[in-house]
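Reading through the structure tokens given below for one structure.
The values are calculated or read from the model by the stated rules, or taken from the named source; none is laboratory data. Keep in mind that this is a model prediction, so the values were computed, not measured. Neighbour counts are summed over all protein chains in view; Cβ atoms, including those assigned to glycine, are modelled from backbone coordinates with ideal geometry.
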Amino acid sequence: MRKLIYALPALLFAGLAFYFVLALQPDYDPHALPSVMIDKEAPAFSLTGLNGAGISRDGFKGGPVVINFFASWCVPCREEHPLLMRLAEKEHIPLYGIDYKDTPEAARRLLGEFGNPFRAVGVDADGRAGLDFGVYGVPETYVLDGSGHIRKKFTGPLTARQVEQELLPILRQLSGGAS
């Protein structure tokens, strides 16, 4: 027992050193959360539309699309919003929103105040669609290919760097060279 007590600090130090070696790797991103959904078909969903027609997984087949889970109560969503507006207006990204665990009235106010970058918005009031996608929290953004498979997931608010280095290139690739 006494030897174990003496060995415990050395074991803890070795474990901590191993963690730091992994964390200091150049390609390590502490914000990246793994998703088991990558390269799998997006979960089936059909949501009531915020302003008219609803959205469903089957409606996204045919070309790459970007789905953004957001909520009016989400501060990082508000920070990300100008970037989404730029993507919709300047890059003409096929961007769809899913209002996650929010009220339609609050989402309408948010989009009325900051602008609506989405081609359509589905209401996921109970969070079921988000749960099926594996949403950890909002905002989260998913890239779907033309067959409805998830090709990329962004956790947290998108940054200009992520858009330029990851989002636009994958959309160009999925579109066959054009974005």
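Just a few scattered comments:
- Hey, Ala23 at pLDDT below 85, within 29 Å of Arg172 (Cβ to Cβ) and aliphatic (A, V, I, L, M) or not: no
- Taken as a whole, the condition of being surrounded by 21 or more Cβ atoms within 10 Å (Cβ to Cβ), of a type in the set (A, V, I, L, M, F, W, C) and touching a residue at least 12 places away in the same chain (Cβ under 8 Å) does not apply to Leu83.
The rows are residues; the columns are (1) under 15 Å from Ala42 (Cα atoms); (2) of a type in the set (A, V, I, L, M, F, W, C).
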| position | (1), (2) |
| --- | --- |
| Ile67 | yes, yes |
| Trp73 | no, yes |
| Pro104 | no, no |
| Glu113 | no, no |
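- Some residue of the stretch 166-179 being aliphatic (A, V, I, L, M) and more than 22 Å from Arg57 (Cα to Cα): yes
- Selection within the stretch 83-115: residues that are in a loop (DSSP other than H, G, I, E, B) and not polar (S, T, N, Q). The member of this set that is nearest to Asp145 (Cα to Cα) is Pro94.
- Test set (1) of a type outside the set (Phe, Trp, Tyr); (2) closer than 21 Å to Ala160 by Cα; (3) in contact (Cβ under 8 Å) with a residue 60 or more places away in the chain; (4) part of a helix (DSSP H, G or I) - Arg78 fails condition number: (3)
- Taking each residue of the stretch 45-58 that is at negative phi and among the hydroxyl-bearing types (Ser, Thr, Tyr) and looking for partners that are in a helix (DSSP H, G or I) and modelled with pLDDT under 95 with beta-carbon atoms closer than 9 Å, six or more apart or interchain, yields Ser46/Arg57; Ser46/Asp58; Ser46/Gly59.
- Given (1) in contact with a Phe, Trp or Tyr (Cβ under 6 Å, 6 or more places away or on another chain); (2) modelled with pLDDT under 95, number of the condition Phe69 does not satisfy: (2)
- For the stretch 98-107, the condition of being surrounded by fewer than 20 Cβ atoms within 10 Å (Cβ to Cβ), free of Cβ contacts under 8 Å to residues at least 60 places away in the same chain and within 16 Å of the chain's Cα centre (by Cα) holds for at least one residue.
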